[in-house]
Structure formats: structure tokens, C-alpha cells
Amino acid sequence: MSRVSENSSSAALNFSLGKAKSKLEDLQMKGSTLKDISRPSDNPISNVEALSITSNMSDNKQYQRNADYALLHLNVTEKSLEQLTDLLVKAKEIAISQSSDFYNADVRKNIANEVNQLRNLALSIANKRVGQKHIFSGYSTLTKPFDVDGNYKGDKGHTTVEVAKDFFLPLNLNGHEIFYSSDDTSDKNIHPLEKLKKSVNEQTEENKRELASSEGERLHKRDNIFAQLESLSVALETNDAGLIQSLLEEFDESISRLITLRTRVGSITSSVMNSKSRLESENIEGATRKSKLVDADIAEVFSDITKHQNVLKTTYKSSQGLMNQNLMDFLR
Amino acid sequence: MSDLLNIGRTGLNASKKSLETTGHNISNVNTEGYSRQRVNQTTNIPITKGGTVHGTGTRIKSVTRINDDFVNKRLEKSISNSKFFEQRMERMSQVEDIFNDLDTDGLNQVINRFFNSFRELANQPENETIRSVVRDQANLVVQDFQRIQGSLNSISAGIDGNMESEVTDINQTLEHIASLNAKIRSLEAVNEEVGDLRDQRDLAVRNLSKSFKVHTYQDNKGQFVVAARGVGTLVTATQVQRLQIGTSNKENSTNGLPGSADIFFEGKPAHILTKKFQGGSLASLAKVRNEEIVDIKNKIDSIAYNLTKSVNAIHRRGYVNRQVEVGEQGNVSDVDSKGMTTGINFFKEPIGPKDSALNMSLSTAVKEDLSNIVTALGPNSPGDNRISLAISKIQHERIVGEDESTLEEFYLQAVGKIGLESGKARLDSEQADGLKAQAVSIRERLVGVSIDEEAANMVKFQHAYDASAKIMQTADEMFKTVIGIKR
């Protein structure tokens, strides 16, 4: 039989009461916050994983914003290309109807006005803006890409946008590839940062070359849409059926280039949409996982609370007999 | 006949003394550190009379306390342990609170938003408003780094304060023990063991073991010695070696921070003892301050250093977002009316990893003019977003350490470690608490006063007293009878 003293029994009671109460307090915290983890040490591994999911999700939200922005941009581009195609088709129709000698010089002169209007329309499409930026001027977005004579003032820059982690898509078509020639319209998705990784010296040199080349490369006569429309108008005014005929082929070339570009924009748009919907489902998965890590199992918490309340009650009850009576009560 | 009276008197005396002791026990039932006392009663020296041996009653040999040195030592040890872990748990949970990012916006999310603001800027590199958002987010990053380092420093300073008051307490207790030693020695030189004073001394030693692991022993001259394990003797009989606390400069301090408190023997500041204490709250405080806090501070510094370095390295490559004059050969002028056009740092370039979080700030160029936030790799390209894309990619690049982890991974590792340590400290503390409760209960079972037992004793001694009185009464009557014969 072990000896029991006043202090040992009160210490034992304190200890067991403290234990029951701290457990209950813990559960009460969980019940009121509905969180399984309220501080890192509750479950360091889940905590770290939850944090990385959180930042992953906010990255994804940003990628979605990027995608939305890209879609706006691509839709405007697509629309412009459509208008431009319609315009060229119309110009081509005029050229076809005027290539025969059926019409006389007066009629052709009148029609030349219409062609001039088409050219103006093409120019306004070429200088289209989204917000404050011109969409067809490469990197020089604040410069008007085409002047009245149809000279290209922009550069050949391709802005890329990150629509999912490490998935870059070109956002814009520059004026050169739309209106001038199809020499530089490779469809390859070049990582935008590759250039950046090369050494500094190489970089600046390349920069200069880029600048110089866009500077020096004057348009090859009628390779550009404006020149084609201009020529048509001139040919109509001068009543030059031969020139009109020779223009037909060039219009075809331009139209087919625009169609290629439209396909490209379309495919980029669908990539953006795809990645966007993928990000959405990824975010839902992330939220589910995070909830599993961080949130408390409510049923479990409340059944635990009931259980521990009973434990506490029993502790109180059992202490009653121990603490409230001693031998003195029974001696006369 | 007087023998009988005398025997009755000794019984009366002994019972009275026993009742007194019972009373002493009951009145001290709640006195901290009190151990119950017991009357050691023995028979008086018998005498020979008329060829037979006669008992001469009873005698009080001594009043001693119930005590077990082994139990006491075990209790002291478990107190040191439980204090160590309790203190550790408290401090670690303070550290942990700084990194509690679950509900609030911790460093992780602030940095995340910083990089995402660069992604937003990459969408519209010509947009001035987004530039200012980028700058605001960068400021928040700077603030958060400073918040973390500031909070860590203040925890560190709080620990210094704690150590100081702890040392004051320790010195007082040491003096108390020395004066008790003196009293005990002088009282016990003439009398038996002085239980009450020894209880007080044991209690003082137990208080001391809250601060560090204590070793006590009686040396060969009978002097009571108190020593701190790992440090040395603090009390020898009435001699006290006081401790002192002082601040040391950056080179000498045990945690590499200027002005942090360190402990040494009074008058010997060259010999620092802070790290030598074992167990108890002093060792715990020193460990958290010198290891955990220093470690996490270094990690945060290294995050700040790598972040600033990498952002700057890329940022310097780009050109400002304003018209720059280009010469004939396509060479770009390096300066214009607003300062440099390229090679601009985004953050102030850090001197070294040390303290880079605390000293972090935006570069003056970026503070002064938004167009100094660079997005373009080439000059005069307001729509070029390659620099801001590249900066936003730093988020996922392994730039910390030997290219082994990303900023986020490194930060999460650090937070994970703090969480683990803090969780472990809590478990350890619970366990040590349990062990301490057990040790307390073992001691209390042995030496604690039990009212029931005392009540039973009271009845017993009272009966003995009554009976002894009866003996004397009988002797008295016998006297009367004898005297009555004469009549």
C-alpha cells in the first residue's frame, strides 16, 4: 500500500485536471476555428504543404489573369485580321472585275476612290490600339506602327505571356509579318528568356544587329498590303489593265498569308483557353487538398469534445470523495 | 512509589511531545517543501533494584524529518528537465508565431505577390499604374523581411532580459542557501538534525534547479556544497560565488549579436559561462537565443540576399521605360536627364549576406522614378516584357545555397524546421511535465503530511496521554492509601 498525503493527492488531482482541461481547450479551439492546424507546430508537414499550395494557387490566379489579358489581345488581333482579309478580298474582287477591258477609264477612276478608301481603312486597322498600346508595333507599343505612307515604324518584337508555369505564348503579331512579308513568321514557340541567359556582351551586339536590320530593310516594292492597294489605285487611275492583272497574284499571296496568321492566332487562343480551364481545375484540386490538410474533421472534433467533457466531469466527480472528506469528519 | 509517578510523568511528557509534533505537522500541511516529522521514542535506561531489572519509563530520543536524499535528487533533476523544455516550448512558440502564415499574409505570400506583380507588369509593360503596384509590393516584401528580423531580435532581447532577472534570483537563492548553511551548522553542532531548516535548504536547492542542473554534496569537512553542472561550485558552506550578467560586443558574444547578455562569475567577464549551463531555463534560453534564432535569422538573411541579388542581376540588364537617345551606330547613351538608362538596381545592392534582410530597401533610382523599373531588354521598347518575365521566373528558380532550392522551398524548409522543433519541444515539455509530476508525487507520498494519519496519531497520543495521567492518578491514590495507614 502506498502512502497518500494531502499534497500528493492534490498534486495528482491538479495534474489530471490540467491534462483533461488542456485537451478540451485544444478541441474547443479546433471547434471554433474549424481548423485542424492553427500554428505550424500542430503539423509542420501539412503546414508547409498547405503554404506551398496557397502560393501555387495564387500563381495560378495570376496565370489566369494573364490568360484573360491574352484572350482580349488575341481576340482584337483576330478581329483585325478578319477585317483585313475581308478588305483584301474586296480589293481582289475589284481587281478581277477591272482586269478585263470591259470598263472604260472613267469608271476605273471612280473605282480608284473606293480603293483609296480601302487603303485608309487598312491603315486604321493597322494602327489599332488596345488600351494605350498599339497592338501591331512589336515592342514599340507606344509608337504608331504605320505612317500615312504605310511605312512601318515598329519593330519585330514578340511579346510573350506566361499562361501557365513555364508555358509562354506569343501575344502579338507585329506589323511587319502582317502587312509586309511572310519571311519571319515561324510558328516556333521560342522561350522568351533564352536570349537573356546569354552573356551580356553577346546580347548587346545582337540588339544592335536587330535594330540595324529593321532600320536597313526597306520594303521590297509591293510586298506590303499598302503598296498593293496603292498600286491598284494607281493602276485604276492610269487605266493600266496589265498592272491590275499582275496584282491579282499578289493579293492572293497576301490573303493566304493573313489566313495562315489567323490560324495561328486561333490556335494560340485555343491553347490559352485550354490552359485556363486546366488551371481552374488545378485550383479546385489545390483547394480540396488544402482543405484536407488544414480543416478540421468537424464530426470527429465534436465527438471528441463530448468525450473529453465526460472525462472532465468524471474527474470532478471522483475528486469529490477524495478532497472533501478526511478522518476528522468521523472522529467525535 | 515515586518511581511510578516518574514513569507516569515520562509517558505524559512523551505523549505531549508527540502531540506537539502532530500539531506541527498539521499546521505545516500546506507549507511548501515541508516534510513531516516524527518523534523517536525509546525506553529509559533500566535500573537494577533488589536483583531485578526495572524499566523507568520512556524518553524522547529525537524529532527527525522523514527524508530520502535520492528522491530529492530525482525531483531536482526532473525539475531542471521540465523547466528546460517548458521554457523552450514557450520561446519556440514565440518564434513560431512569427512564421504563422496560415491565416495571415506571411513572407511567403508577400514574395509570391511580388513576383505576380511582375507577371502583371509583363502583360502591360507600358502601364505606369502597374509599375507603382510593383513598387508597392516590393516595399511590402522589404517590410516583411524587416518585420521578421525585428521580431526575432526582440525575442532575443526578451531572452536577455529573462536571463538577467534569472541571474538576480539565482544570486539571492545562493545567499539564502549560504545563510541557511551557517544556521544549520551552528544549531546542529549542539543539537540533533534541524529538520525545518534542512527543508528550507532543500526547497532553495529545488528553486535553483529550475534555472540549471544542480549538484549538491557534503564534502569531507562536512561542508554543504552546491554546484552547477558544467559550470562549477557556487556555494561552499557559507562562501558564495555570485554570478553576473553583462553585455558583450559582437565578437565575443555567444550568438554573434552586439549587446546580447552573457553570464559569467562575478568579476570574471572574460570567462563566459552562458553556454555551459546544463538543463533548466538558463540553458534553454541560451540554446534558443544562440542556436534557433541565429539559425533562422541567417536563413532569412540568405533568402533576402539571394532575392535582391537575383532580381538586381536581371534588372540591371534592361533599359528604362522612357525614350532613350540612340546614336548613329545604334549605340545607346547610358545616361539621360533622369539618370542611368540601363544597369539600374531594383533593390539596394547588399554588401554581403549578413544582415541583408534588415538592411533591405529599394534602390534610390526605383524610389525616385517609376520609369526606372525596367521591363525591356532593349532600349525604346515600351512593349518589351522580357525583363519582367525573367524577374517573375526567379520565383521558380533554384537560386539559394548551391543552386539547390527555390526561395519558396528554402523558406518553407525553414518554417517546417521551426514547426518541427516547436512541436517537439511541446511534446518534450508534456513528457517532462509528466515525469516531474511523478517525482513530486513520489516525494509527497513519502514525506507529505497526511491529515488522516495525523488524526489517527492524535487519537493515539491523546489516549496514551490519558493513560499516563491515569497512572499518575493511581500513584497519587496509592500515596494517599499509604499515608492513610497512619491514621
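Laboratory data are not the source of any read-out in this text; all were calculated from the coordinates shown. In this text, all values refer to a predicted model and were calculated from it rather than measured experimentally. Every residue, glycine as well, gets a Cβ built from its backbone with ideal geometry; the counts of neighbours run over all protein chains shown.
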Longest principal axis of chain B (C-alpha) makes with the long axis of helix B:407-447 (C-alpha) an angle, in degrees to the nearest 10, of 0 degrees
Computed curve, the stretch B:216-341, Cα-only Debye sum without solvent term, log₁₀ I(q)/I(0) at 0.13, 0.18, 0.20 Å⁻¹, is -0.73, -1.01, -1.13
Applied in sequence order to the stretch B:124-136, the curve 6.51 cos²θ - 1.76 cosθ + 1.60 (Karplus, θ = phi - 60°) yields integer Hz couplings, x standing for Gly and Pro, of 10, x, 8, 8, 5, 4, 5, 4, 6, 4, 4, 5, 4
When only DSSP loop residues count, what GluC sites (Glu not before Pro) in the stretch B:356-449 have their Cβ near at most 15 other Cβ atoms within 10 Å? B:Glu397, B:Glu402, B:Glu404
Neighbour-limited loop hits for GluC sites (Glu not before Pro), the stretch B:10-91 (at most 12 other Cβ within 10 Å; DSSP other than H, G, I, E, B): B:Glu32
Helix B:293-315 axis, angle to chain B major axis (alpha carbon atoms, nearest 10°): 0 degrees
In degrees between 0 and 90, to the nearest 10, how far off the longest principal axis of chain B does helix B:195-211 point, with axes built from Cα atoms? 10 degrees
For B:Asn385, which sequence-distant residues (separation of 5 or more, or a different chain) have an amide H within less than 5 Å of its own amide H, given hydrogens modelled in the peptide plane? A:Thr160
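Taking each residue of B:409-421 in turn, how many C-beta atoms of other protein chains fall within 10 Å of its C-beta, and what is the average? Kindly include the intermediate steps, with their values, before the conclusion.
Working: counts 2, 0, 4, 7, 1, 1, 5, 7, 3, 4, 11, 7, 3.
Mean shielding count: 4.
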Tell me, what ³J(HN,Hα) does each residue in the stretch B:84-100 have, in order and in whole Hz, if you take phi through Karplus 6.51 cos²θ - 1.76 cosθ + 1.60 with θ = phi - 60° and put x for Gly and Pro? 4, 6, 4, 4, 5, 4, 4, 5, 5, 6, 5, 4, 4, 4, 5, 9, 7
Hey, if you drop one equal point scatterer on each alpha-carbon of chain B and run the Debye formula without solvent, what base-10 log of I(q)/I(0) do you get at q = 0.09, 0.10, 0.12, 0.13 Å⁻¹? -0.80, -0.89, -1.06, -1.15
List the pairs from A:Lys23/B:Lys424; B:Lys275/B:Lys424; A:Lys61/B:Lys338 whose alpha-carbon separation is above 29 Å, in the order I gave them. A:Lys61/B:Lys338
Taking every residue in B:94-101, how many Cβ atoms of other protein chains lie within 10 Å of its Cβ, on average? 3
So what's the convex hull volume per residue for the Cα atoms of chain A, in Å³? 206 Å³
